[in-house]
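Q: This is the structure I want to talk about, given as structure tokens.
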Amino acid sequence: MLNNVLSRCILWIMGCLLLKETFRNIQKRMDGKWASFFRILAAVMTLLVITGPFGILIKASTTVVSETQYFIVDVQLAENNSGLELVIINDEGTEANITLRTPGIQHSSDGHDCLMIREYMLGEKKYAIEYSPQSQFAKLFKTYQFQNEIRSSL
């Protein structure tokens, strides 16, 4: 996927440089207002050569290429309140036990409790929890967050 992003950047740069040279050649053949117009277009292409790859990288960091959903079947506080122990299940019925230790997980209120693993175009993975506000997970998650805030402030 990183190769895909790099190839897009290279194609962008080559396209802009080609247009820049085309506009410069047209400018040399023109005079007056049209020469100024094509000179400005060539300058814009130079600017796009520099800024375009940054836009491509920013877009790639927010583009989700895969998303896996696991339903949360059970949740408990781990030993010493060091995290949340989740029992999750996928669509095929395979269960797994995981320990969730990071308070930095994104979460949103939805109608069901599930763990979403999203992989982005640049290869990074982010984890999101969707849950209903009255679920068992929501109660334990809020307790865990509160205990983490107390522990971090000491």
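The values are calculated or read from the model by the stated rules, or taken from the named source; none is laboratory data. It should be emphasised that the depicted structure is a prediction, and the values quoted were computed from it without experimental measurement. Here the Cβ is made from the backbone with ideal geometry for all residues, glycine too, and neighbour counts use every protein chain on show. When the accessible area is computed, the model is the full protein with side chains, heavy atoms only, and any ligands, DNA or RNA have been set aside. Shrake-Rupley method; radii C 1.70, N 1.55, O 1.52, S 1.80 Å.
Q: Could you point to the label whose value was computed as Rg and Dmax of the Cα atoms in Å for the structure here, given (i) 14.4, 43; (ii) 17.3, 64; (iii) 25.4, 78?
A: Comparing each candidate, only (iii) matches the computed number.
Q: OK, next. Nearest-5 percent of antiparallel DSSP beta bridges in the chain?
A: Values: 25 of 29 bridges.
Among the beta bridges of the chain, antiparallel pairing accounts for roughly 85 percent.
Q: Same structure again: Could you provide, to the nearest whole Å², the per residue accessible area of the chain with probe 1.4 Å?
A: Numbers: 10080 Å² over 154 residues.
Result: 65 Å² per residue.
Q: Here's something else I'd like to know. Given only helices, namely DSSP H runs of n ≥ 4 each adding -39500 (n - 2.57), what is the per-residue ellipticity at 222 nm of the chain, to the nearest 500 deg cm²/dmol? Could the numbers behind the result be given before it?
A: On the way: 3 runs with 76 residues, N = 154.
Value at 222 nm, helices only, nearest 500: -17500 deg cm²/dmol.
Q: Would you list the membrane-span-like helices of the chain, meaning whole DSSP H runs whose alpha-carbon atoms span at least 24 Å along their axis and whose mean Kyte-Doolittle value is at least 0.5?
A: Long hydrophobic helices here: 33-62.
Q: Charges only on Cβ, +1 for Lys and Arg, -1 for Asp and Glu: so what's the dipole of the chain about the Cα centre, in debye to the nearest 20? All intermediate terms of the calculation are to be shown ahead of the outcome.
A: On the way: 15 positive and 15 negative charges, 308 e Å.
Dipole magnitude for the chain comes out near 1480 debye.
Q: Which value, in Å² rounded to 10, gives the accessible area of TRP34 with a 1.4 Å probe and all protein chains present?
A: Ignoring ligands and nucleic acids, TRP34 comes out at about 150 Å².
Q: How high is the relative contact order of the chain, in percent, with contacts defined as C-alpha pairs under 8 Å that are six or more residues apart? Kindly include the intermediate steps, with their values, before the conclusion.
A: Values: 229 pairs, mean separation 30.4, N = 154.
Once divided by the residue count of the chain, the mean separation gives 20 percent.
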